[in-house]
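Here's the structure we're looking at; comments come further down.
The values are calculated or read from the model by the stated rules, or taken from the named source; none is laboratory data. Just so we're clear, the structure is a prediction, and the values are computed from it rather than from any experiment. Here the Cβ is made from the backbone with ideal geometry for all residues, glycine too, and neighbour counts use every protein chain on show.
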Amino acid sequence: MADISSPDRIDVRFRDGRGYPIHFRSLADTPALLSEADLTPGRCLLITDENVAAHYRSPLRTALQRAGWTPHDIVLPPGEATKSFEHLQTIYDEALAAGIDRSTPVLALGGGVVGDLAGFAAATLLRGVPLIHLPTSLVAQVDSSIGGKTGINHAAGKNLIGAFYQPDLVVADVRTTDTLPQREWTSGMAEVIKHGLIADPAFVDFLEAHITDLLLRRTDAVAEMVRRAARVKVDVVADDEREQGRRAILNFGHTFGHAIEREAGYGVFTHGEAVAVGMRAALHLSHHLHPSLNLDRADALVRTIPVEGDPSSLSLDQLRPAMQHDKKNKGDTIRFIVLDRIGEARVIDAPPQDDLEHAWDFAKSVRT
């Protein structure tokens, strides 16, 4: 369950009593929050990418050093291609050369790529060292930094190598999203909308009422949106830590979305753009199964996400091999997430080929 003790904090609580806090605070507060998490100043690994480093590495290093920490920086190239064996090896080499021990925390400063990669390194270095997520992108603050999924990509598909490894602490400074390129912001909005559609109809109402302010990144609306979207993620993952059941609904739109990313080539679509297209396909499937679902309403919200790539260049036959490697699958059966209604989602086995064709034709249609 999620316990909210203040507007600036959500506590994740798993069924066995484990948990960790998510703070919506300034990055400058990180040293004090590390102390609250019972981490003693000493050596730490600060893993980030070149884009984020240009904005936030220096002030964070200064704050850490003033509190007695000795950061060892590892700055990686930006982009999805960084989630690779090659860059994981770079982290291993530098971390071991720096003389880390099992009390040395990994601070993952960046978006979902940095968080996934640094998290997997933390899970596997010395069989596990403390992990601190410092998410700077919208998608990381509401989704990827919460719940313990870490990993890298493989040629066969996205996120196929990894581990569940919970952080000790998450510090989400909403102001760091101010420096995101607009395309990355709208990409993150796709995951926000997904959270509302699968689990929180009142949040969908909020998004519809404030979508203009949110796309323009007006501060008060954004802060409320981030907290509410993060709480949806917390509630789902706390109930199903290792994706044995309900947590699979967080993959709404991702069966198509991950396949789109892979087949188009990573970088042609952002993750959020691919998920937005995938959600349109999933909504069409949902409406076919449940005609009472308000497809026009849900689709209108998803269509607020601009998509720069051209999904019509891809066929279902091209996407199917990538779908066969989806982590939700059971044997050779491709599984999809559908909505019974707005705010209620479930997993289904692959529908008939004609239904998939119609869903893909709907999703890849010209967006007006």
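Residue by residue through segment 238-249, note down the ones that are modelled with pLDDT under 95 and of a type in the set (A, V, I, L, M, F, W, C).
At the first step, the residues of segment 238-249 found to be modelled with pLDDT under 95 are 238-248.
Within segment 238-249, 238, 248 qualify.
Mind checking which residues of segment 196-247 are among the small types (Gly, Ala, Ser) and within 19 Å of the chain's Cα centre (by Cα)?
In the first step, residues of segment 196-247 are kept if they are among the small types (Gly, Ala, Ser); the result is 196, 199, 202, 209, 221, 223, 229-230, 238, 245.
Of everything in segment 196-247, those that are among the small types (Gly, Ala, Ser) and within 19 Å of the chain's Cα centre (by Cα) turn out to be 196, 199, 223, 229, 230, 238, 245.
Output the number of the condition that residue 317 fails; it satisfies all remaining conditions of (1) more than 22 Å from residue 349 (Cα to Cα); (2) charged (D, E, K, R); (3) more than 20 Å from the chain's Cα centre (by Cα).
(1)
Among the numbered criteria (1) outside any helix (DSSP H, G or I); (2) free of Cβ contacts under 8 Å to residues at least 24 places away in the same chain, which single criterion is violated by residue 257?
Result: residue 257 passes all but (1).
Looking at (1) buried (at least 19 other Cβ atoms within 10 Å of the Cβ); (2) in a helix (DSSP H, G or I), can you tell me which one residue 209 breaks?
(1)
Against the definition (touching a Pro at 6+ places or on another chain (Cβ under 8 Å), surrounded by fewer than 24 Cβ atoms within 10 Å (Cβ to Cβ) and charged (D, E, K, R)), how does residue 227 come out, yes or no? Explain how you work it out, then say what you get.
On the way: touching a Pro at 6+ places or on another chain (Cβ under 8 Å): yes; surrounded by fewer than 24 Cβ atoms within 10 Å (Cβ to Cβ): yes; charged (D, E, K, R): yes.
In short, yes.
I need every pair where a residue in segment 205-228 that is within 15 Å of residue 185 (Cα to Cα) and in the same structural domain as residue 303 (by TED's automatic domain parsing) has its Cβ under 8 Å from the Cβ of a residue that is assigned to a loop (DSSP other than H, G, I, E, B) and of a type outside the set (Lys, Arg), sequence separation at least 6 or different chains.
Within 8 Å, the pairs are 211/304; 215/304; 223/24; 226/24; 226/172.
For residues that are in contact (Cβ under 8 Å) with a residue 60 or more places away in the chain and either surrounded by fewer than 24 Cβ atoms within 10 Å (Cβ to Cβ) or not in a helix (DSSP H, G or I) (or both), tally how many sit in segment 260-277.
The number of residues fulfilling the criteria is 4.
In segment 110-154, which residues are free of Cβ contacts under 8 Å to residues at least 60 places away in the same chain, under 30 Å from residue 198 (Cα atoms), hydrophobic (A, V, I, L, M, F, W, C) and in a helix (DSSP H, G or I)?
Answer for segment 110-154, where residues must be free of Cβ contacts under 8 Å to residues at least 60 places away in the same chain, under 30 Å from residue 198 (Cα atoms), hydrophobic (A, V, I, L, M, F, W, C) and in a helix (DSSP H, G or I): 120, 123, 140.
Looking only at segment 222-242, how many residues end up being among the hydrophobic types (A, V, I, L, M, F, W, C), in contact with a helix residue (DSSP H, G or I) (Cβ under 9 Å, 6 or more places away or on another chain) and over 22 Å from residue 173 (Cβ atoms)? It would help to see each step written out before you state the result.
Step one: filter segment 222-242 for residues among the hydrophobic types (A, V, I, L, M, F, W, C), giving 222-223, 225-226, 229-230, 232, 234, 236-238.
Going one step further and asking which of them are in contact with a helix residue (DSSP H, G or I) (Cβ under 9 Å, 6 or more places away or on another chain), we end up with 222-223, 225-226, 229-230, 232, 236-237.
Restricting the remaining residues to those that are over 22 Å from residue 173 (Cβ atoms) gives 236.
Residues that pass the stated criteria total 1.
Quick test of your reading of the structure: residue 176 fulfils all but one of (1) touching a His at 6+ places or on another chain (Cβ under 7 Å); (2) surrounded by 20 or more Cβ atoms within 10 Å (Cβ to Cβ); (3) not aromatic (Phe, Trp, Tyr). Name the failing condition by number.
Evaluating residue 176 over (1) touching a His at 6+ places or on another chain (Cβ under 7 Å); (2) surrounded by 20 or more Cβ atoms within 10 Å (Cβ to Cβ); (3) not aromatic (Phe, Trp, Tyr) leaves (1) as the failure.
Does segment 339-355 hold any residues that are of a type in the set (Gly, Ala, Ser) and assigned to a loop (DSSP other than H, G, I, E, B), and which are they? Write out each step before concluding.
So the first thing to find is which residues in segment 339-355 are of a type in the set (Gly, Ala, Ser), and the list is 343, 345, 350.
If the condition is that a residue be of a type in the set (Gly, Ala, Ser) and assigned to a loop (DSSP other than H, G, I, E, B), then 343, 350 are the ones that fit.
Restricting attention to segment 54-65, report how many residues are free of Cβ contacts under 8 Å to residues at least 40 places away in the same chain and within 24 Å of the chain's Cα centre (by Cα).
Adding up the residues that qualify gives 1.
Within segment 278-302, how many residues turn out to be out of contact with any helix residue (DSSP H, G or I) (no Cβ under 7 Å at 6 or more places or on another chain), surrounded by 14 or more Cβ atoms within 10 Å (Cβ to Cβ) and in a loop (DSSP other than H, G, I, E, B)?
1
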